[in-house]
Amino acid sequence: MPIDLAWIRPEPQGIYLPPADAWIDPAHAVPRALVTHGHSDHARGGHGQTVATAATLAIMGLRYGVMPEGAQAVDYGETIALPGGIRATFVPAGHVLGSAQILLERDGQRVVVTGDYKRSPDPTCAPFEPVPCDVFITEATFGLPVFRHPPIAEEIARLRETQAAHPQRCVLVGAYALGKAQRLIAELRQAGHDAPIFLHGAMERMCALYREWGIDLGELRPAAGVAKAELAGHIVVCPPSALNDRWSRRLPDPITAMASGWMRVRQRARQRNVELPLVISDHADWDELTATIAEVNPAETWITHGREEALLRWCALHQRKARALAMVGYEDEDD
Amino acid sequence: MERFAALVDGLVYTRSRNGKLALLAQYLRDTPDPDRGWALAALTDGLNFPAVKAGTIRALLDARVDEVLWRLSRDYVGDTAETASLLWPEPQTPQLPPPSVSEAVEVLAGATRATAAERLAGLLDRLDANGRYALLKLATGAMRIGLSTRLAKVAFAQAFGVDVEQVEELWHGQAPPYADLFAWAADGAPPPDAQSLPLFRPFMLAQPLEDTVVDLGAFVAEWKWDGIRVQLVHVAGQTRLYSRGGDDISASFPELIGALQIPAVLDGELLVRGSHQGGEAGGAASFNALQQRLGRKSVSKAMLADYPAFVRLYDVLQLQGEDLRPLGWAARRARLEALMPQLDPQRFDISAVIEADNLDQLAEIRARARDDAIEGVMLKRRDAPYVSGRRAGLWYKWKRDPLLIDCVLMYAQRGSGKRSSFYSDFTFGCWDGDPDAGADLLPVGKAYFGFTDEELKWLDRHVRQHTVNRFGPVREVDRQLVLEVAFDSVHASKRHKSGLAMRFPRIHRIRSDKPAHEADRLDTLRAMVAD
């Protein structure tokens with residue numbers, strides 16, 4: 001028998017908590033929203049009240065130009081009481097700065113909503129903490145066994161080798177403006193890359209925010225207005241959408257790279273004219289997804305979005321109860 | 001194998017032709033024999049391991065991965081070899097170092113149907129995901145990484161600073177790993193003996209006539225036949241039939257192989273006899289009839305009887321060991337005419353010269369010609385030697401109405417009604433510049449008719465086998481198949497990225513014999529704009 005929780009209801013638009021009239025990561029404006037992290041498909045604007053970590057609220061404020069209405073900041077590990085006897089605790093998810101899983105408890109029942117998460121180390125955010133629970137509501141963006149993200153150090157090393165081998169060209173790396181870009185830069189710094197890194201204009205404010213939150217990104221410079229010759233031999237970071245855009249014509253014969261878990265599949269890289277695919281993702285890969293389910297060991301696993309079919313199959317093969325929630329509105333992220 | 005794997009991935013991710021050339025040339029220079037020779041063979045479909053089938057991979061994975069997870073993964077990735085390379089469970093025990101290309105070839109070549117799976121598994125265990133991908137592609141012989149044989153030859157020539165046309169000539173006589181070819185190109189050894197081998201000689205090609213006005217005193221006019229251009233070679237008791245791209249298609253046309261007993265290299269149009277479409281120049285059926293005979297590994301007696309092939313000769317390149325290519329067209333034509341009585345008239349005739357005093361008169365003759373096997377008119381300089389490729393000012397092609405253009409198939413979508421479940425809605429493109437200089441294809445139109453039911457089945461199969469990408473109902477295919485598209489007119493249009501819109505485009509012919517980089521450019525289409 002599937003666990004029937006009257007107080008938590010998966011809807012196509014998000015996870016709904018009827019006793020509290022609250023939603024988690026809703027796709028539309030609601031009176032009360034609990035937001036796991038700052039990516040736009042999870043953190044939409046216009047809610048009456050927005051509960052999230054302070055970093056997530058700051059990110060939302062930056063994205064929407066104003067702080068969300070009724071913003072309520074929660075620390076990691078802090079438990080807040082919602083109407084209807086529901087207690088919510090925000091736990092690090094390891095996805096991006098401020099990202100959280102939300103542990104929901106009522107009448108001794110424990111439900112964890114992961115939002116998006118990963119298990120591999122990331123110098124820009126607090127690491128994922130597994131929380132034992134009855135129902136584990138997980139993402140499955142990379143829920144296919146072909147997705148195995150290599151250690152990030154290998155990908156960073158390939159990026160640096162390419163950069164070093166082409167002193168007359170620049171390497172243009174497409175990376176999602178929130179999270180991926182900063183993680184990439186921080187990892188480059190850890191690997192000893194201390195040359196300035198040049199940024200597309202759309203990256204600058206988010207990088208500045210990360211710095212305010214104490215993350216060292218080294219010397220960053222805007223790419224705008226810099227002479228071609230000066231960019232030769234350097235790394236330039238831009239949003240994926242700018243990779244094949246008119247914008248990149250200002251660069252010295254750029255080598256097109258992209259940091260994304262999708263780069264594991266050759267045709268996905270070819271589709272985007274990527275010459276240097278970097279398999280770097282802020283989502284759990286197949287091994288992390290399955291290992292996390294095993295570790296958390298819930299009575300039931302619910303799958304929000306991604307390639308849920310394969311993860312369902314894995315659960316079935318391992319005698320684990322699972323169901324797909326068929327959520328709408330979450331994009332195929334990580335690019 | 002790691003270097004080969006890196007090369008394969010480099011070729012996959014590099015879009016520009018020059019980039020691909022540089023990568024391959026460097027690999028060929030830096031890699032020792034015989035690895036580089038085997039690699040070159042793998043990249044140009046020159047390897048064949050009969051014991052390794054597509055099903056071998058499937059069976060290997062069946063034993064290691066849940067079938068549902070395999071299917072979901074395969075559907076997502078869209079390529080069996082790549083899916084298998086990613087799903088292969090890494091062995092938990094220490095392994096030998098990765099095999100060299102030569103070792104892999106040796107292991108697979110020695111495999112039987114009974115041992116193939118086990119041997120392949122042993123090699124896979126010693127490689128990482130990229131190495132496994134390269135190995136599986138090499139083992140199954142379907143690279144499809146956007147590298148044509150021609151490009152490989154150019155890279156070879158570039159790597160060692162030798163003449164690409166000489167490479168073309170010598171290549172066809174050599175077997176992998178091409179030790180003599182490398183010895184000649186890399187180490188200055190004498191070229192491999194080409195005289196006693198039935199080698200392919202690069203074709204001479206024509207430019208579109210467009211606005212050029214030629215003097216029919218200096219040029220001769222010939223019909224352009226609607227078959228496929230072939231070269232028939234007989235040397236030292238061996239005969240070969242080569243298609244336009246230099247592929248050996250001898251096995252599909254045994255009646256022609258037996259028909260040439262004189263040492264010669266002949267250039268002509270391969271056609272199928274058809275009584276119903278005699279026409280003034282006689283006896284050829286439409287291209288559809290010829291299509292029945294293409295791409296077959298063996299030919300039934302019924303096929304031979306129903307669709308008898310013959311060659312309508314245009315030119316003679318060599319005769320009795322003498323190279324006639326330096327001679328002018330008129331001198332070669334005289335030799336060809338003198339040769340005709342010695343050839344079997346059932347299998348050979350000569351492409352007639354069209355008598356016309358000037359271009360206007362020729363245009364009239366061209367317009368009147370209603371023979372289905374006539375595609376247009378060729379204009380050849382009477383004093384032109386036979387030189388490879390498309391040289392300015394020597395040969396022109398003047399195609400007949402309707403307007404025709406050679407496009408490259410880019411996308412296909414499933415049709416509806418009687419075409420439902422078939423990929424029958426085709427989007428095709430022309431090169432936006434010189435494809436050899438890295439120009440890309442731009443879509444120029446979409447067509448969903450013009451083909452026969454048989455051709456539709458063929459196209460549908462082609463689309464399924466060559467899919468590189470899926471967008472909902474639309475499949476993107478690798479850019480290899482040339483489609484000759486017929487259309488009534490073409491107009492400037494702001495709605496399309498190419499700036500052009502065709503009126504009533506239809507698939508006129510499938511040109512599987514034509515390499516994609518020889519398809520037409522946007523400029524050619526633009527020159528046809530009526531308003």
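The values are calculated or read from the model by the stated rules, or taken from the named source; none is laboratory data. Everything numeric here is computed off the predicted structure, so don't read it as measured data. Cβ placement follows ideal geometry from the backbone for every residue including glycine, while neighbour counts extend to all protein chains displayed. Please note that ligands, DNA and RNA were not included when accessible areas were found on the heavy atoms of the full protein model with its side chains. Shrake-Rupley method; radii C 1.70, N 1.55, O 1.52, S 1.80 Å.
Give me the strands (runs of 3 or more DSSP E) completely within the range A:1-104, filtered to those with at least 3 residues that are closer than 19 Å to A:GLU139 by Cβ, ordered by residue number.
Ranges flagged: A:9-11, A:14-17, A:86-92.
Any residue in the range B:21-39 that is among the small types (Gly, Ala, Ser) and within 14 Å of chain A (Cβ to nearest Cβ)?
yes
Please go through the range A:240-275 and give me each residue that is open to solvent by less than 20 Å² (accessible area, probe 1.4 Å), more than 10 Å from every other protein chain (Cβ to nearest Cβ) and assigned to a loop (DSSP other than H, G, I, E, B), ordered by number.
A:LEU243, A:LEU251, A:PRO252, A:SER260
Can you tell which of A:LEU172, A:LEU188 is aliphatic (A, V, I, L, M), in a strand (DSSP E or B) and either in contact with a strand residue (DSSP E or B) (Cβ under 8 Å, 6 or more places away or on another chain) or modelled with pLDDT under 95 (or both)?
None of the other options fit; the residue is A:LEU172.
Among the candidates A:ARG183, A:ARG221, which residue alone is farther than 22 Å from A:HIS283 by Cα and modelled with pLDDT of 95 or more?
Being farther than 22 Å from A:HIS283 by Cα and modelled with pLDDT of 95 or more holds for just one of A:ARG183, A:ARG221, which is A:ARG221.
Yes/no matrix, rows are residues, columns are (1) out of contact with any strand residue (DSSP E or B) (no Cβ under 9 Å at 6 or more places or on another chain); (2) among the hydrophobic types (A, V, I, L, M, F, W, C); (3) under 24 Å from B:TRP88 (Cβ atoms):
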{"position": "B:ALA134", "(1), (2), (3)": "yes, yes, yes"}
{"position": "B:ALA142", "(1), (2), (3)": "yes, yes, yes"}
{"position": "B:ARG150", "(1), (2), (3)": "yes, no, no"}
{"position": "B:GLN158", "(1), (2), (3)": "yes, no, no"}
{"position": "B:LEU170", "(1), (2), (3)": "yes, yes, no"}
{"position": "B:ALA183", "(1), (2), (3)": "yes, yes, no"}
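Give me a count of the residues in the range A:95-123 that are more than 21 Å from A:GLU309 (Cα to Cα) and either hydrophobic (A, V, I, L, M, F, W, C) or surrounded by fewer than 24 Cβ atoms within 10 Å (Cβ to Cβ) (or both).
The total comes to 18.
Mind checking which residues of the range A:136-155 are within 14 Å of chain B (Cβ to nearest Cβ), among the acidic types (Asp, Glu) and in contact (Cβ under 8 Å) with a residue 12 or more places away in the chain?
Result: A:GLU155, single match.
Is it the case, given these coordinates, that A:LEU62 is of a type in the set (A, V, I, L, M, F, W, C) and either in contact with a strand residue (DSSP E or B) (Cβ under 7 Å, 6 or more places away or on another chain) or farther than 29 Å from A:ARG211 by Cα (or both)?
Numbers: of a type in the set (A, V, I, L, M, F, W, C): yes; either in contact with a strand residue (DSSP E or B) (Cβ under 7 Å, 6 or more places away or on another chain) or farther than 29 Å from A:ARG211 by Cα (or both): no.
Here the answer is no, as A:LEU62 does not meet what is asked.
How about the range B:78-110: which of its residues are small (Gly, Ala, Ser) and either closer than 22 Å to A:LEU144 by Cβ or open to solvent by 10 Å² or more (accessible area, probe 1.4 Å) (or both)?
B:GLY78, B:ALA81, B:ALA84, B:SER85, B:SER100, B:SER102, B:ALA109, B:GLY110 - these are the residues of the range B:78-110 that are small (Gly, Ala, Ser) and either closer than 22 Å to A:LEU144 by Cβ or open to solvent by 10 Å² or more (accessible area, probe 1.4 Å) (or both).
For A:ASP41, all conditions in the list (1) in contact with a strand residue (DSSP E or B) (Cβ under 6 Å, 6 or more places away or on another chain); (2) under 25 Å from A:LEU325 (Cα atoms); (3) modelled with pLDDT under 95 hold save one; what is the number of the exception?
Going through (1) in contact with a strand residue (DSSP E or B) (Cβ under 6 Å, 6 or more places away or on another chain); (2) under 25 Å from A:LEU325 (Cα atoms); (3) modelled with pLDDT under 95 one by one, A:ASP41 breaks only (1).
Would you mind finding the one in A:ASP21, A:ASP4, A:ASP25 that is open to solvent by 50 Å² or more (accessible area, probe 1.4 Å), acidic (Asp, Glu), at pLDDT 90 or above and closer than 20 Å to A:LEU325 by Cβ? Outline the logic, then answer.
Details: A:ASP4 fails: at pLDDT 90 or above; A:ASP25 fails: open to solvent by 50 Å² or more (accessible area, probe 1.4 Å).
After applying the criteria, what remains is A:ASP21.
Just need a number here: residues in the range B:348-392 that are at pLDDT below 95, in a loop (DSSP other than H, G, I, E, B) and among the basic types (Lys, Arg).
2
Answer yes or no as to whether B:ALA39 is buried (at least 21 other Cβ atoms within 10 Å of the Cβ) and assigned by TED's automatic domain parsing to the domain that holds B:GLU90.
Yes, satisfied.
Yes/no per residue for (1) touching a residue at least 12 places away in the same chain (Cβ under 8 Å); (2) of a type in the set (Asp, Glu); (3) touching a His at 6+ places or on another chain (Cβ under 6 Å):
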residue	(1), (2), (3)
A:PRO12	yes, no, no
A:ALA20	yes, no, no
A:ILE24	yes, no, no
A:ALA33	yes, no, yes
A:GLY38	yes, no, no
A:ASP41	yes, yes, no
A:GLY45	yes, no, no
A:THR50	yes, no, no
A:ALA54	yes, no, no
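Which condition does A:ARG183 not pass, out of (1) outside any helix (DSSP H, G or I); (2) of a type in the set (D, E, K, R); (3) more than 22 Å from A:ASN297 (Cβ to Cβ); (4) open to solvent by less than 10 Å² (accessible area, probe 1.4 Å), if it passes all the others?
Every listed condition holds for A:ARG183 apart from (1).
Consider the range A:276-303. How many of its residues are closer than 28 Å to B:VAL8 by Cβ, within 13 Å of chain B (Cβ to nearest Cβ), touching a residue at least 24 places away in the same chain (Cβ under 8 Å) and open to solvent by less than 40 Å² (accessible area, probe 1.4 Å)?
5
What's the total number of residues in the range A:304-328 that are open to solvent by 50 Å² or more (accessible area, probe 1.4 Å), on the phi > 0 side of the Ramachandran plot and either in a helix (DSSP H, G or I) or within 13 Å of chain B (Cβ to nearest Cβ) (or both)?
Within the range A:304-328, residues that are open to solvent by 50 Å² or more (accessible area, probe 1.4 Å), on the phi > 0 side of the Ramachandran plot and either in a helix (DSSP H, G or I) or within 13 Å of chain B (Cβ to nearest Cβ) (or both) number 0.
Looking at B:ALA447, B:ALA527, B:ALA486, which is the one that is open to solvent by 50 Å² or more (accessible area, probe 1.4 Å) and touching a residue at least 60 places away in the same chain (Cβ under 8 Å)?
One residue alone meets the criteria, B:ALA527.
Counting just the residues of the range B:472-501 that are in a strand (DSSP E or B) and of a type outside the set (A, V, I, L, M), which one comes out farthest from B:MET528 (Cα to Cα)?
Within the range B:472-501, the first condition is being in a strand (DSSP E or B), and the residues that meet it are B:474-477, B:482-487, B:489-492, B:500-501.
Next, from what is left, pick out any that are of a type outside the set (A, V, I, L, M): B:475-476, B:484, B:487, B:489, B:491.
Values: B:ARG475: 29, B:GLU476: 27, B:GLU484: 15, B:PHE487: 11, B:SER489: 8, B:HIS491: 8 Å.
The residue in question is B:ARG475.
Of A:ARG158, A:ARG221, which residue is surrounded by fewer than 22 Cβ atoms within 10 Å (Cβ to Cβ), part of a strand (DSSP E or B) and either touching a Phe, Trp or Tyr at 6+ places or on another chain (Cβ under 7 Å) or within 14 Å of chain B (Cβ to nearest Cβ) (or both)?
None of the other options fit; the residue is A:ARG221.
Could you tell me which residue of the range B:59-77 is farthest from the other protein chains (Cβ to nearest Cβ), considering only residues that are open to solvent by 30 Å² or more (accessible area, probe 1.4 Å) and in contact (Cβ under 8 Å) with a residue 24 or more places away in the chain?
Within the range B:59-77, the first condition is being open to solvent by 30 Å² or more (accessible area, probe 1.4 Å), and the residues that meet it are B:59, B:62-64, B:66-68, B:71, B:74-76.
Filter once more, so that each one left must be in contact (Cβ under 8 Å) with a residue 24 or more places away in the chain: B:59, B:64.
Details: B:ALA59: 18, B:ARG64: 11 Å.
The qualifying residue farthest from the other protein chains (Cβ to nearest Cβ) is B:ALA59.
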